[in-house]
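Presented below is the structure to which this report refers.
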């Protein structure tokens, strides 16, 4: 595995090429092993890449490989200097007995562009008492603390793993606005892993869908939505030739429904309805494993 820090202006801040990682039975899943990849993933400079998939699809493993926290079995990682990266995980990784002020003091020496005034401003926005300990913060407040750190040192790339999890609707909206503000600089990029597809509908330019450790789709958000239709029809029109083209097929008393590539809907009978999907519908159907259908 080769990790190459990037110092080239304009280069994409993060690329994973042919990355693989296998876990033996019992480590990743108690009942089965887990294999990621081969995975290709690029976060283009100046854009937000959404990373979605069911629990266990490999999102967090891919992020940890990108950050060097997990060593892949094979493949290459191209990443900008880590002092230019801001990271938000599902739980804060700081010492639990540190206060928010101590968190800032502890991380500041690692970032040449650390802005203490900006950090204090973001703590105030977050409603975090600077003297409150990390272990006393709620899940949502822990997310806000990490976000305050991530935006206080001139980061060019934000890597966000479920950043809006545990936040109320107002706080989620405010955080998405901060991401949008961060992206007003054309040199900035974001890798946004989440299961809340409504968040991606607001900020993502590209979407990568993972299914059981592999890429089910990787394209722009608009092309992803234009490329599929939710289809519903009577049981009589679901024949053996049509079945392989229906993703996430669900049969019920009134008929059936699923996801189809837009180009394939031209062969549907008159009794079948094809509608534009939401991003959540596309992700749910693409993310299903064959055994789920």
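Residues being at pLDDT 95 or above and not in a helix (DSSP H, G or I): count how many of those fall in the stretch 88-105. Write out each step before concluding.
Taking the stretch 88-105 as the starting set, the residues that turn out to be at pLDDT 95 or above are 94-105.
With the extra rule that they be not in a helix (DSSP H, G or I), the set shrinks to 94-99.
Number satisfying all stated conditions: 6.
Let's see how each residue does on (1) assigned by TED's automatic domain parsing to the domain that holds residue 197; (2) farther than 18 Å from residue 195 by Cα; (3) touching a residue at least 24 places away in the same chain (Cβ under 8 Å); (4) buried (at least 17 other Cβ atoms within 10 Å of the Cβ):
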site	(1), (2), (3), (4)
129	yes, yes, yes, no
133	yes, yes, yes, no
136	yes, yes, no, no
141	yes, yes, no, yes
148	yes, yes, yes, yes
155	yes, yes, yes, yes
158	yes, no, yes, yes
171	yes, no, yes, yes
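Given the condition within 16 Å of the chain's Cα centre (by Cα), in contact (Cβ under 8 Å) with a residue 60 or more places away in the chain, outside the structural domain of residue 274 (by TED's automatic domain parsing) and at positive phi, answer yes or no: does some residue in the stretch 188-196 qualify? Can you show your working first?
So in the stretch 188-196, the residues within 16 Å of the chain's Cα centre (by Cα) come out as 189-196.
Cutting the leftovers down to in contact (Cβ under 8 Å) with a residue 60 or more places away in the chain gives us 189-195.
The next check asks that each one be outside the structural domain of residue 274 (by TED's automatic domain parsing); those that pass are 189-195.
Subset that is at positive phi: none.
No, the conditions are met nowhere in the stretch 188-196.
Let's see how each residue does on (1) in contact with a helix residue (DSSP H, G or I) (Cβ under 9 Å, 6 or more places away or on another chain); (2) surrounded by fewer than 18 Cβ atoms within 10 Å (Cβ to Cβ):
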site: 37; (1), (2): yes, no
site: 73; (1), (2): no, yes
site: 78; (1), (2): no, no
site: 83; (1), (2): yes, yes
site: 91; (1), (2): yes, yes
site: 107; (1), (2): yes, yes
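The values are calculated or read from the model by the stated rules, or taken from the named source; none is laboratory data. These numbers were taken from a predicted model, which means no experiment stands behind them. Cβ coordinates were reconstructed from backbone atoms using ideal geometry, including for glycine residues, and neighbour counts include every protein chain displayed.
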